[in-house]
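The values are calculated or read from the model by the stated rules, or taken from the named source; none is laboratory data. For clarity, every value in this text was computed on a predicted model and none was experimentally measured. Virtual Cβ from ideal backbone geometry, glycine too; neighbours counted across all protein chains shown.
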């Protein structure tokens with residue numbers, strides 16, 4: 001139940017309804033269900049159906065296809081956080097004998113391992129899993145199509161390997177590990193490897209006639225970790241909250257943030273649209289808004305989960321048809337309707353309870369050569385360094401407890417920021433990965449690489 005402050009305005013709700021209604025009608029989907037999340041809870045749901053009186057609600061299961069990959073990625077990050085693997089480990093270290101052992105765990109997560117997009121014929125989504133009982137049957141005779149680590153190439157076999165990795169290190173079936181470590185702690189009771197009533201049936205809609213054909217529902221077997229799951233709009237809405245905030249029972253906010261960071265670019269043709277991939281999450285820049293999430297499809301079903309962390313809004317759209325509705329666009333539009341019509345209201349500003357005196361001493365204006373920068377101490381206990389004007393390198397920094405700070409993003413991610421002091425204890429300059437920042441442009445009282453001309457600043461005579 002939402003509080004009055006969380007309720008959407010009537011005109012926003014109507015705009016959301018209109019978008020879903022148009023999407024279902026123009027996309028000729030037998031049914032469509034959607035949900036919007038804001039402020040950590042579901043604030044709107046809607047369903048449309050071609051059968052009068054039988055519209056689904058947010059608790060009806062649909063197959064979610066490759067959104068399953070995000071669940072699998074969470075399980076792998078849990079293994080990393082427990083110290084059971086490193087993302088840079090080659091697969092061979094933990095799962096020998098696959099013929100794809102040189103690929104790292106991180107490359108599998110980001111689809112940069114060079115593996116084929118699909119398993120060998122017949123089409124795995126529409127054929128029995130008994131045809132592929134072993135990993136070798138999934139990888140085929142030619143596992144690699146591209147040099148390892150050189151380019152993004154979406155790979156279902158890659159996430160099959162990750163599922164096998166989870167099973168090996170947990171000594172339990174992937175579905176059992178998923179239920180125990182993710183679904184139960186997050187309360188995703190209507191997400192499962194096998195369909196549970198009530199669930200939608202999958203349909204193909206004829207491209208040139210308004211008639212339907214039932215789609216088969218195959219168990220994906222060993223490839224389950226790439227696309228097996230069934231879920232609901234309500235469960236995926238809760239999963240969206242987790243992917244925004246983290247949950248220490250499953251994965252910390254820091255590790256979830258790592259999943260959302262770009263780990264692989266899109267194809268060259270996608271660069272103009274700002275498409276990329278993190279660790280189990282698709283990334284897209286749309287209308288100056290960074291969207292993270294994942295889409296999914298299997299014969300008879302389409303699914304989309306999309307989040308704008310900055311706006312604190314997420315959307316879920318599910319349909320039971322093989323093709324037709326542009327479901328990713330519908331999800332992005334639903335999110336944009338809410339974020340644009342009812343912008344996020346920031347929390348009240350509050351001062352720091354405690355401040356690091358050393359950080360406060362460094363606050364203010366600095367110069368890298370002639371480029372002006374501002375160093376600020378922020379309410380979250382970090383320091384930020386950003387250009388005073390225009391675009392340029394910027395980053396937040398986390399204190400290390402020894403008078404140094406580590407960059408968290410951008411060009412300075414992982415770089416060390418430290419104050420260099422004179423014998424009397426006063427600050428000479430800041431050293432940031434060998435870049436010298438001084439209080440004045442080319443301060444002759446600081447140790448500027450290459451020195452400062454003895455005549456100082458001068459006009460043209």
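Every condition in (1) modelled with pLDDT under 95; (2) in the same structural domain as residue 260 (by TED's automatic domain parsing) is met by residue 80 except one, and the failing one is (1). When the test is whether a residue is in a loop (DSSP other than H, G, I, E, B) and either assigned by TED's automatic domain parsing to the domain that holds residue 225 or touching a strand residue (DSSP E or B) at 6+ places or on another chain (Cβ under 6 Å) (or both), residue 102 passes it. Specify the residue that is surrounded by the fewest Cβ atoms within 10 Å (Cβ to Cβ); the eligible residues are those in region 159-182 that are more than 24 Å from residue 246 (Cα to Cα) and without any contact (Cβ under 8 Å) to a residue 60 or more places away in the chain. Ranking the candidates gives 171 first. Taking the criterion of being in the same structural domain as residue 247 (by TED's automatic domain parsing), touching a helix residue (DSSP H, G or I) at 6+ places or on another chain (Cβ under 6 Å) and under 26 Å from residue 237 (Cα atoms), would at least one residue in region 86-99 satisfy it? No: zero hits. Among the candidates 354, 358, the residue that is modelled with pLDDT under 95, in a loop (DSSP other than H, G, I, E, B) and over 23 Å from the mean Cα position of the chain (by Cα) is uniquely 354. Taking into account only those residues within region 41-58 that are surrounded by 15 or more Cβ atoms within 10 Å (Cβ to Cβ) and within 27 Å of the chain's Cα centre (by Cα), which is farthest from residue 237 (Cα to Cα)? Top of the filtered list is 47. Would you say residue 148 is assigned to a helix (DSSP H, G or I), surrounded by 15 or more Cβ atoms within 10 Å (Cβ to Cβ) and in contact with a helix residue (DSSP H, G or I) (Cβ under 7 Å, 6 or more places away or on another chain)? Here the answer is no, as residue 148 does not meet what is asked.
Of all residues in region 414-431, those that are part of a loop (DSSP other than H, G, I, E, B) and surrounded by 13 or more Cβ atoms within 10 Å (Cβ to Cβ) total 1. It is to be established whether one or more residues within region 382-398 are out of contact with any strand residue (DSSP E or B) (no Cβ under 6 Å at 6 or more places or on another chain), surrounded by 13 or more Cβ atoms within 10 Å (Cβ to Cβ), not in a strand (DSSP E or B) and not assigned by TED's automatic domain parsing to the domain that holds residue 314. Yes, the conditions are met somewhere in region 382-398. If we scan region 445-454, do we find a residue that is in contact (Cβ under 8 Å) with a residue 60 or more places away in the chain, out of contact with any strand residue (DSSP E or B) (no Cβ under 6 Å at 6 or more places or on another chain), over 26 Å from residue 354 (Cα atoms) and not assigned by TED's automatic domain parsing to the domain that holds residue 263? Within region 445-454 (the criterion being in contact (Cβ under 8 Å) with a residue 60 or more places away in the chain, out of contact with any strand residue (DSSP E or B) (no Cβ under 6 Å at 6 or more places or on another chain), over 26 Å from residue 354 (Cα atoms) and not assigned by TED's automatic domain parsing to the domain that holds residue 263), the answer is no, since none of the residues qualifies. Tally time: how many residues in region 78-95 are farther than 17 Å from residue 279 by Cβ and part of a loop (DSSP other than H, G, I, E, B)? The qualifying residues number 2. Scanning region 5-26 for residues that are part of a loop (DSSP other than H, G, I, E, B), touching a helix residue (DSSP H, G or I) at 6+ places or on another chain (Cβ under 8 Å) and at positive phi turns up nothing.
Could you please find all residues in region 29-61 being part of a strand (DSSP E or B) and farther than 13 Å from residue 7 by Cα? Those that are part of a strand (DSSP E or B) and farther than 13 Å from residue 7 by Cα: 31, 32, 33, 34, 35, 46, 47, 48, 49, 61. Quick check on my filter: what residues within region 432-447 are surrounded by fewer than 17 Cβ atoms within 10 Å (Cβ to Cβ) and under 16 Å from residue 403 (Cα atoms)? Within region 432-447, just 433 meets the criteria.
Listed by position, the strands (runs of 3 or more DSSP E) inside region 202-291 whose residues that are in the same structural domain as residue 71 (by TED's automatic domain parsing) and surrounded by 19 or more Cβ atoms within 10 Å (Cβ to Cβ) number at least 1 are 203-205, 275-277, 282-286. Residues in region 106-125 include at least one that is modelled with pLDDT under 95 and not in a loop (DSSP other than H, G, I, E, B).
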